[in-house]
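The values are calculated or read from the model by the stated rules, or taken from the named source; none is laboratory data. Not measured: the values here are computed from a predicted model. Areas reflect the complete protein model, heavy atoms only, side chains present, ligands, DNA and RNA absent. Shrake-Rupley method; radii C 1.70, N 1.55, O 1.52, S 1.80 Å.
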Amino acid sequence: QVQLVESGGGLVQVGGSLRLSCAASGRTFSSYDMGWFRRPPGKERAFVTLIRSTDSSTFYANSVKGQFTISRDNAQNTMYLQMDSLKPEDTAVYYCVARPRGYGSWSSDATTWGQGTQVTVSA
């Protein structure tokens, strides 16, 4: 399994941008589907976006479509989340997540989670 470390969170004003990074250990990063979840204050953790290992195709939750961009650099074992036009409702702890290629769910024991990074958008 990979180990994941997020960075790049912080405090930003409404309309601002942040780029989160997720650094993965191990030599098999390219074979993992990667994604981001977030947990807003007082709410459940929710899916944000994923990028597949096969062709780097992406999928976004409707709430962030056109606002966030996920990408990956397999040579650097790193995934990114570019967040633009941030709104107060984007305030959350953001989690990096990885699952081996071929697993259709984020709920299996093969899924790895990062420790999370706080993003706070102030009005």
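Restricting attention to the chain, close to 90% of DSSP beta bridges with both partner residues there are antiparallel.
Taking only C-alpha pairs under 8 Å that are 6+ residues apart, what is the relative contact order of segment 1-96 in percent?
35
Would you mind telling me which residue in Thr78, Thr112, Thr54 has the biggest mean-square fluctuation in a Gaussian network model of the chain, where springs connect alpha carbons within a distance under 10 angstrom? Highest fluctuation among the options: Thr54. Select from Ala110, Ala24, Ala98 the residue whose mean-square fluctuation is largest in a Gaussian network model of the chain (Cα-Cα springs shorter than 10 Å). The residue with the greatest mean-square fluctuation here is Ala110. With all protein chains kept in place, the per residue accessible area of the chain amounts to 51 square angstrom at a probe of 1.4 angstrom.
Using a probe of 1.4 Å, the accessible surface attributed to Val5 totals some 80 Å² when neighbouring protein chains are kept in position. Mean projected area of the Cα convex hull of the chain, taken over all directions, amounts to 7.0 nm².
Carbon-plus-sulfur fraction of the accessible area of segment 1-69, 1.4 Å probe, in percent? Could you put the intermediate results ahead of the total?
On the way: 1810 of 3780 Å².
Carbon and sulfur atoms account for 48 percent of the accessible area of segment 1-69.
When only C-alpha pairs under 8 Å and at least 6 residues apart count, what is the relative contact order of segment 56-123, in percent? List each step's numbers first, then the result.
Working: 75 pairs, mean separation 19.2, N = 68.
Across segment 56-123, relative contact order equals 28 percent.
Within the listed set Ser30, Ser107, Ser56, the Gaussian network model of the chain (springs between alpha-carbon atoms below 10 Å) gives the highest mean-square fluctuation for Ser107.
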